[in-house]
Amino acid sequence: MNIEGTYTLQAAPEDVWQCLMKHEMLLRTVPGVERLEQVGEDSYQISVRIKHAPLIGVYHGRVAVVDQIYPCSYRLIVEGEGRQSRISASGSIDLNGRDGNTVIAYKGTLTTGKMGTLLPPPVVKGAAKLFIQQYFSALSDELRRSRRVQAGTREGQSLSVTQQPDEEIVISSPAAHAGLATSISRSIAGAIVAVLKPGSADPGEQELWARRVRRIGFIAVLLLLVWIGTRLPRKR
């Protein structure tokens, strides 16, 4: 029987390709996978527990990825056998970029059954389509999780560097940078107000002046820290 369909993933074809080919990603996304062992450059021994009738059961078999054209297309060849049925499938997977997303088009043939056993094709086809949709849905979740991690990494990247005695460069986060600048500006503001005593002896006036000095001092100290960071030598 023929099976085909499409699925849209919110990622570039290059990122989708990497997820489709990663061993650890397959372990997290293939529904019911119990074992996945690479036995060749592009082939795997696999055990999958299928929970959808009439294919219910554990299947052991082999998957080969052939005719790869990065990051556009490849073909899959699948052979598996369980207690109730045998599965044989082959098909093509095409990745098409569209507006920053990837439209995956899959098309192939699926053969099931053992000698003397005839499974109803419409039901088998429905179970296979459900299995494929679950796989792509799990892959979509993994891609979203990966984007959140990458976004968090970018937000935490350094605005400054500090140098240790062994010349190792330590990256500081923006939050730590701001905290250091705030601490320094408060100390400077307190010292200036204590010496100049603006606002006479009125505590309220002195606090107001201290706040004004802190605001100016915070910006000045932050800019100074950034400037120092750009002048430190990088570790080779």
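Please treat every number below as a calculation from the coordinates, not as lab data. Being a predicted model, the structure only gives us computed values, none of them experimental. Every residue, glycine among them, receives a Cβ derived from its backbone with ideal geometry; neighbour counts consider all protein chains shown.
In table form, for the structure just shown:
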| item | result |
| --- | --- |
| Candidates LEU27, LEU110, LEU76, LEU55 - the one that is under 20 Å from the mean Cα position of the chain (by Cα) and not charged (D, E, K, R) | LEU27 |
| Residue tally, condition crowded, with 17+ Cβ neighbours inside 10 Å and under 13 Å from ILE46 (Cα atoms), over region 13-30 | 2 |
